[in-house]
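Below: the structure, in structure tokens.
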Amino acid sequence: MLYSDVTPAAKRRALRERLASGDLLQMPGAFNPLAARLIEAKGFDGVYVSGAVLSADLGLPDIGLTTATEVAARAGQIARMTTLPTLVDADTGFGEPMNVARTVQALEDAGVTGCHIEDQVNPKRCGHLDGKQVVGEATAVQRIRAAVTGRRDPDFLVMARTDVRAVEGLPAAIDRAKAYVDAGADAVFPEALLGPHELEAFRAAIDVPLLANMTEFGKGELLTAKRLASLGYNIVIYPVTLLRLAMGAAEAGLDEIRDTGTQAGLLDRMQHRSDLYTLVDYSGYRAFDAGIDDFQL
Ligand SMILES: C[C@](O)(C(=O)O)[C@H](CC(=O)O)C(=O)O
Ligand SMILES: [Mg+2]
């Protein structure tokens, strides 16, 4: 009701404990707070807030146009509505290393559980596109140090994402990841690895929790959770999946309404009013006002 009754500090501690267990945590991307509630209701382990989704939601390409304030505000709205940990895509940290520190503090204040900071240049692009460029190791390490020293809650998860694989190859990406771990990164997101062998090599080389990005229409193979768990990965994200599904359904629905003049044929593909009301917990508001849900559906 209203918001999650689990504090941000408790979510951060819980995520650390889950990561220490060695289990694979599945975190679909929530395109809004309601989707985060659905992710929780379906039994997932965490909620991912994708930069690609956040920018697409605003009708923008994923090229670093959104600001730290926008991302923190939206991530906070999402985090508030779920008891699950929320991992946020903080892109390049939104500026110089000192901006990265401020970004992390804004995300902490928004109640999110952790974030990842990547080593691309600005303007950044989707990690699965060609033509990426990365900053030098010294600058990237400064970003991670700034994130680590900027956080006030030591349990806030600072994850380093490296986009170096596509630019300089796998050994260079592994070297970068090691440098970021030395700089204090709690976890690593190796972006756009080319298949299970590369995921395996990364796992063998890095001691901290690793994230696998199962985004569609990208460079990598879509591996099952079982396979990723056996490869020793700790978090899997499906960052844009729900948005793609929802937009696919919206497109088909609009076509049908335009072509037939009614949505009547689509009802069995819709979330029913009663399921929506359950998800937003109408009955929970009885505590305020007994008349809140005195209706039959
Ligand atoms: C994970 C990612 O950073 C995101 O913003 O969700 C994207 C996903 C995508 O564009 O498919 C990425 O760069 O991989
Ligand atoms: Mg992104």
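May I ask you to give the percent of accessible area on region 223-297 that is carbon plus sulfur, with a probe radius of 1.4 Å? On region 223-297, the fraction of accessible area on carbon and sulfur atoms equals 56 percent. Calculated mean residue ellipticity, 222 nm, the chain: -13000 deg cm²/dmol, from DSSP H runs (n ≥ 4) at -39500 (n - 2.57) each, averaged per residue and rounded to 500. The tail of the calculated P(r) for region 16-75 beyond 14 Å holds 60 percent of all Cα-Cα pairs.
With the highest mean first, a sort of the peptides 56-64, 132-140, 22-30 on other beta-carbon atoms found within 10 angstrom per residue produces 22-30, 132-140, 56-64. Annotation: peptides 278-285, 6-13, ranked by per-residue average of other Cβ atoms within 10 Å with the highest first, follow the order 6-13, 278-285.
Solvent-accessible surface of the chain, taken per residue with a 1.4 Å probe and all protein chains present: 48 Å². Phi-derived couplings, Karplus 6.51 cos²θ - 1.76 cosθ + 1.60 at θ = phi - 60°, listed residue by residue for region 18-25: 5, 5, 5, 6, x, 5, 8, 9 Hz, with x used for Gly and Pro.
Points 7 angstrom from Cα along the Cβ direction at Ala249 and Phe295: gap in nanometres? Each label point lies 7 Å from its Cα, and together they span 2.1 nm.
The 1.4 Å probe gives accessible areas that order Arg151, Arg176, Arg269, largest first, as Arg269, Arg151, Arg176.
Please compute the net charge surrounding Pro28, taking Lys and Arg as +1 and Asp and Glu as -1 over other residues with Cβ under 13 Å from its Cβ.
0
Backbone amide hydrogens, once placed in the peptide plane, bring Leu157 within less than 5 Å of Gly114, Cys115, excluding anything fewer than 5 places away on its chain.
State the percentage of accessible surface on region 45-197 attributable to carbon and sulfur atoms; use a 1.4 Å probe and exclude ligands, DNA and RNA.
Here carbon and sulfur together make up 52 percent of the probe-accessible area.
For region 140-145, backbone phi angles converted through the Karplus equation (6.51, -1.76, 1.60; θ = phi - 60°) give residue-by-residue couplings of 5, 5, 4, 4, 5, 4 Hz, Gly and Pro being listed as x. Fully extending the segment from Thr69 to His197, taken as 0.36 nm per residue of separation minus the present Cα-Cα distance, adds 42.3 nm. Volume of the convex hull of region 144-297 (Cα atoms only), normalised per residue: 204 Å³. For Val6, list long-range residues whose amide hydrogen, built 1.01 Å from N in the peptide plane, is under 5 Å from its own amide hydrogen. Under 5 Å from the amide H of Val6 lies no amide H from a residue far enough along the sequence or on another chain. Heavy-atom accessible area with a 1.4 Å probe sorts Glu118, Glu17, largest first, into Glu17, Glu118.
Ignoring lysines fewer than eight residues from Lys11 along the same chain, the ones with Cα atoms less than 29 angstrom from its Cα are Lys42, Lys178, Lys226. Once the Cβ-Cβ distance of Ala172 and Asn122 is raised to the sixth power relative to R0 = 25 Å, the FRET efficiency obtained is 0.75. Each of Asp207 and Leu58 was given a label point 7 Å from its Cα along the Cα-to-Cβ line. The distance between the two points is 3.9 nm. Rounded to whole Å, the principal axis extents of the Cα atoms in the chain read 61, 44, 37, largest first.
Spin-label pair Ser283-Ala9: with each label point 7 Å from Cα along the Cα-Cβ axis, the two points sit 3.3 nm from one another.
Which chymotrypsin sites (Phe, Trp or Tyr not before Pro) does region 172-254 hold that lie in a coil by DSSP with at most 14 other beta carbons within 10 Å?
Of the chymotrypsin sites (Phe, Trp or Tyr not before Pro), the ones in loops of region 172-254 whose Cβ has at most 14 other Cβ atoms within 10 Å are Phe217.
Separation of region 64-109 and region 166-181, taken as the distance between their Cα centroids, equals 24 angstrom. Within the assembled protein chains, the solvent-accessible surface assigned to His272 is about 110 Å², based on a 1.4 Å probe.
The values are calculated or read from the model by the stated rules, or taken from the named source; none is laboratory data. A quick note: this is a predicted structure, and the numbers were derived from the prediction, not measured. Positions of Cβ are backbone-derived with ideal geometry, glycine not excepted, and every protein chain shown enters the neighbour counts. The area values use the complete protein model at the heavy-atom level, side chains included, leaving out ligands, DNA and RNA. Shrake-Rupley method; radii C 1.70, N 1.55, O 1.52, S 1.80 Å.
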